[in-house]
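All remarks here apply to the structure that follows.
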Amino acid sequence: MADTIQLEIVTPDRLVVNDTAEYIEIPGKTGHLGVLPGHAPLITELAVGEISYRTGSQTKRLSVAWGFAEVLQTKVTILAETAEKAEEIDVARAQAAKQRAEEELKKAGPTGNPEAQDALARASTRLEVAAKK
Ligand code: ATP
């Protein structure tokens, strides 16, 4: 059996990653999914979160939001609405987005604001991923 997985991460704008990995961790809507070569095929919905993968001695990280992951035995394809590699994340922009979302949530009070909640999740994930760079 192959000991690596081909990983492709695609957004509507671009091919973000085309790499080989020994292990991939995916933020599924129902929880984190760890994928090793030979994993049973499945399709899962993505949440907002971090994708990390091990390639040789390196662990690479990305922030992703929404979409789908298709897992095959030797290939994983991620179709995400947005995806940024850790080194591509603009920290000041994410901090500003986080602050805006927090202010919106404060204004909304107990009725909530799902859009601001999602924006907060994206900004917080971007900051977490960038901090691990
Ligand atoms: P903002 O309010 O700063 O635009 P957002 O969460 O609303 O943040 P998205 O709609 O998720 O932004 O993304 C729009 C585009 O901008 C996508 O291509 C995404 O990859 C990119 N993007 C968003 N925030 C950042 C960031 N902090 N660093 C780099 N790229 C970003």
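The values are calculated or read from the model by the stated rules, or taken from the named source; none is laboratory data. All of these numbers come straight from a predicted model, not from anything done at the bench. Using ideal geometry, Cβ is built from the backbone for each residue, glycine included, and neighbour counts are taken over all protein chains shown. Note: accessible area is taken over every heavy atom of the protein model, side chains too, but ligands, DNA and RNA are not part of it. Shrake-Rupley method; radii C 1.70, N 1.55, O 1.52, S 1.80 Å.
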Task: Reach of Lys85 by Cα under 28 Å, taken over lysines that are not fewer than 8 positions away in the same chain - done: Lys29, Lys60, Lys75, Lys98, Lys132, Lys133
Task: Average Cα contact separation per residue, the chain, under 8 Å, 6 or more apart, as relative contact order % - done: 23 percent
- [ ] Can you bin region 35-133 into rounded, prolate or oblate? Criterion: square roots of the alpha carbon gyration tensor eigenvalues sorted a ≥ b ≥ c, rounded for a/c under 1.5, prolate for a/b above b/c, oblate for the rest.
- [x] oblate
TODO: Give the angle, between 0 and 90 degrees and rounded to the nearest 10, that separates the Cα long axis of helix 91-108 from the longest principal axis of the Cα atoms of the chain.
DONE: 50 degrees
- [ ] Can you work out the accessible area per residue across region 73-133, with the rest of the protein chains kept in place, probe 1.4 Å, in square angstrom?
- [x] 65 Å²
Open item on the list: How would region 5-87 be classified by its alpha-carbon gyration tensor: rounded, prolate or oblate, with rounded meaning a/c under 1.5 and the a/b versus b/c comparison settling the rest?
Closed with: rounded
- [ ] Kindly express, to the nearest 10 degrees and within the range 0 to 90, the angle between helix 114-131's C-alpha long axis and the longest C-alpha principal axis of the chain.
- [x] 60 degrees
Open item on the list: Given points 7 Å out from each Cα along the Cα-Cβ axis, report the Thr4 to Leu36 separation in nanometres with one decimal.
Closed with: 1.9 nm
Open item on the list: Below 11 angstrom from the Cβ of Ala86, what's the summed charge of the other residues (Lys, Arg +1; Asp, Glu -1)?
Closed with: +1
Task: Two-site label geometry, Ala121 and Glu45: point separation in nm, points 7 Å out along Cα→Cβ - done: 1.0 nm
- [ ] For Glu22 paired with Lys132, estimate the spin-label separation in nm (one decimal), with each label point 7 Å from Cα along the Cα-to-Cβ line.
- [x] 1.7 nm
